[in-house]
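The structure appears below as structure tokens.
The values are calculated or read from the model by the stated rules, or taken from the named source; none is laboratory data. Note that the coordinates shown come from a computational prediction; the quantities given were computed from them, not determined experimentally. Neighbour counts are summed over all protein chains in view; Cβ atoms, including those assigned to glycine, are modelled from backbone coordinates with ideal geometry.
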Amino acid sequence: PPAVQERWEPLLAGRRVLLSTGRLVRRKGFIELVRDVMPRVVERYPDALLLIVGSDPTSSLIHHERLSEELTRIIRDRSLESHVRLLGRISSDDLLALMRRSELFLLLGREVPGDLEGFGIVFLEAAVAGVPSISTRVGGIPDAVVHGVTGWLVDPQDINGFSVAVCRLLSDDEERKRLGEAARKRARERFNWDTLARAYQDTLAGLIRAGRRKSREKAHG
């Protein structure tokens with residue numbers, strides 16, 4: 001809705017908006033994204049603004065951590081207050097408004113034992129909005145992002161390569177447009193509700209397996 005878009009505009013006006021979403025857990029790479037990538041991006045693009053949408057997982061979930069506090073410290077220590085915003089949970093309308101206003105969707109997926117990245121519904125949400133993604137070759141991410149077609153992928157340990165990818169795509173409007181249009185086209189042609197349902201089932205099954213593994217470890221510990 002236009003009213004939702006207008007509400008965010010004072011924050012976004014004149015900025016190159018980068019978006020990252022998800023539960024604040026290690027495998028999402030938020031720490032590395034803020035600590036290692038954003039200082040390099042801001043050095044080249046002082047108008048860059050990273051919006052992180054998501055909150056700490058509840059204490060009942062596996063890998064419960066309070067990364068929001070750690071991220072807040074990093075933002076302060078790196079003097080990134082005007083370049084990184086932690087938005088917490090927001091409505092689906094607000095998320096859609098931010099997606100449409102973003103130049104790139106970023107997810108620096110990491111390899112964390114016992115906590116694998118699933119198919120990645122967020123990449124489809126970005127694709128439908130015509131936003132290209134930059135991510136890593138971890139878990140199910142390569143199934144959602146086709147390197148060089150709907151976005152760019154780097155190896156999970158290649159922080160420099162991720163930073164370079166962000167800067168290169170921010171500098172190339174035509175390439176961003178090409179990737180975004182291809183992402184939207186692929187999402188509409190290849191992914192329907194059945195596909196999304198299977199993706200959610202796979203994610204849920206992965207959580208259940210991880211929970212059972214954790215229970216067994218505690219039982220034998």
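Structure above, values below:
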{"quantity": "Which listed residue is touching a residue at least 60 places away in the same chain (Cβ under 8 Å) and in a helix (DSSP H, G or I), from ARG110, ARG85, ARG76, ARG27", "calculated": "ARG27"}
{"quantity": "Whichever residue in region 108-131 is out of contact with any Leu (no Cβ under 8 Å at 6 or more places or on another chain) and closer than 18 Å to VAL34 by Cβ and, among such residues, is modelled with the lowest pLDDT", "calculated": "VAL112"}
{"quantity": "Any chance VAL164 is β-branched (Val, Ile, Thr), modelled with pLDDT of 95 or more and out of contact with any Leu (no Cβ under 9 Å at 6 or more places or on another chain)", "calculated": "yes"}
{"quantity": "Residue that is farthest from ARG35 (Cα to Cα), among those in region 167-211 that are among the small types (Gly, Ala, Ser) and modelled with pLDDT under 70", "calculated": "ALA197"}
